[in-house]
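What follows draws every value from the coordinates through simple rules; no lab data is involved. Nothing here was measured: the structure is a model prediction, and the numbers come from that model. FYI the Cβ positions are ideal-geometry reconstructions off the backbone, even for glycines, and counts take in every protein chain you see.
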Amino acid sequence: MLLATVRGAFAEAWANRQSFWLQVGAMAVNDLAWVAFWLLFFNRVANVRGWDVGRVLLLFAVLTTVAGVVLGVFANARRLGRLAAEGQLDAVLGLPVRPLPYLLLRRVEAANLGDVLFGGLLFAAAGAPSPQRVLLYVVGSIAGIVLLTGFLVTVGSLAFFGGNGEAGELGFHAILLLAGYPVDVFAGGMKLMLYTVLPAALVAAVPARLVDAFDVRAAGLLAGAAAIFALLGWATFTLGLRRYTSGAVWTRA
C-alpha cells in the first residue's frame, strides 16, 4: 500500500512535466543564489571560527539534500499541524494503513526535488568527493533526513493538543533558517539549543563536519539524536491522534 502511495505521489507530481521541471529549475536557481552569497562573503572573510568557504559549501550541500528529501518526498511533514488542526485526517483514518507513514508519503513537492539535485551536484563540485567522503555524505544526509522529519512531525503533532498548526510552521522556518549557518557562529545557550530542542546543528553542520573529519563520538551523537527525534515524532503523533476530532472534511491530505 505504501509503495503504491509513493508511486501515486510521484506520478501526480510528474503529470505536468513542464511545470515539474520549471519548479525544479527555479529551486536550483534559488540555491545557486545562496552559493553566490557565500562565495562573495568568503572572498572578503577568510574564515569564520574555523569555517571556510569549502566547509560552508559542504554544509549547504548537506542541507539542500536533507531539506529537499524531507520537504519534497515527505512533503506533508510540514503540513501535519494544519491537517490536524483543521480536521482533515478523516480520509486517512478510513484507510487500512498506518496513518503517519501514509501521510508523509502521500504528497510530493516537485520544487523541493530541485534541492536534492542541487545538493548532489554541489557536493560533487565542492565536496572533494572520494569513496569515504561520498559514503559519509550519504549516511550523514540520511541521519539529517530522519532527524528533520522527526522534528517536524513532533512540532506539527502539537496541533492535536493546542488546536492550531502554527507551531509546525514556526518550527519549520526556525530550524531551516538556523541550519544554514555554521553552528560555531553561535555561543552559549543559543548553541546548546541548536544541539537539543531545536536541533538545527544536527541537520547539516554535524554531518558536514563528519564528512570533513570523521569522529566516532560526533557520529554517535548524530545517530542517537536522529533516533530520539524519530521516536519522539512517532510517539507525539500517536498520542495526539487519540485526541483528534474529526472536522467532517473528506480530503486526500
Put one equal scatterer on each alpha carbon of segment 1-143, apply the Debye formula with no solvent term, and list log10 I(q)/I(0) at q = 0.13, 0.17 1/Å to two decimals.
-0.69, -0.99
Can you give the extra length, in nm with one decimal, that the chain gains between residue 170 and residue 22 once fully stretched, where that is 0.36 nm per residue apart less the Cα-Cα distance?
50.5 nm
GNM on the chain, C-alpha springs below 10 Å: top fluctuator among 90, 184, 115?
184
Can you check how the C-alpha radius of gyration of segment 145-242 compares to 2.2 N^0.38 Å, as a plain ratio?
1.11
Springs between alpha-carbon atoms under 10 Å, Gaussian network over the chain: tell me which of 36, 75, 205 tops the mean-square fluctuations.
36
Anyone know which of 231, 63, 104 comes out most mobile in the 10 Å Cα GNM of the chain?
231
Cα centroid separation, segment 161-234 to segment 1-50 (Å):
20
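Please give the length that would be gained between residue 91 and residue 44 if that part of the chain were fully extended, namely 0.36 nm times their separation in residues minus their C-alpha to C-alpha distance (nm, one decimal).
Working: separation 47, 0.36 × 47 = 16.92 nm, distance 5.46 nm.
Length difference between fully extended and current span is 11.5 nm.
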Calculated from DSSP H runs of 4 or more alone, at -39500 (n - 2.57) each and per residue, what is the 222 nm mean residue ellipticity of the chain, nearest 500?
-23000 deg cm²/dmol
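Could you pull out every whole DSSP H run in the chain that spans at least 15 Å of Cα extent along its own axis and averages 1.0 or higher on the Kyte-Doolittle scale?
Numbers: long enough: 2-14 (18 Å, 0.91); 17-44 (41 Å, 0.63); 53-72 (27 Å, 2.18); 110-126 (24 Å, 1.52); 131-157 (39 Å, 1.57); 166-179 (20 Å, 1.21); 216-241 (37 Å, 1.66).
Sorted by number, the helices that extend far enough and score high enough are 53-72, 110-126, 131-157, 166-179, 216-241.
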List the equivalent ellipsoid semi-axes of segment 1-73 in whole Å, largest first, each obtained as the square root of 5λ for an eigenvalue λ of the Cα gyration tensor.
34, 15, 5
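Counting other C-beta atoms within 10 Å, which of 190, 27 has the fewest, and how do the rest follow? Walk me through the intermediate numbers first.
Working: 190 12, 27 24.
Listed from fewest to most nearby Cβ atoms, that is 190, 27.
Please order 183, 134, 216 by the number of other Cβ within 10 Å, starting at the fewest. Don't jump to the answer; show the numbers that get you there.
Values: 183 22, 134 14, 216 8.
So the residues, fewest neighbours to most, are 216, 134, 183.
In the neighborhood of residue 68, defined by Cβ-to-Cβ distances under 11 Å, what is the net charge if each Lys or Arg adds +1 and each Asp or Glu adds -1? Can you show the working numbers first?
Working: positive: none; negative: 31, 109, 115.
Taking every other residue near residue 68 into account, the sum is -3.
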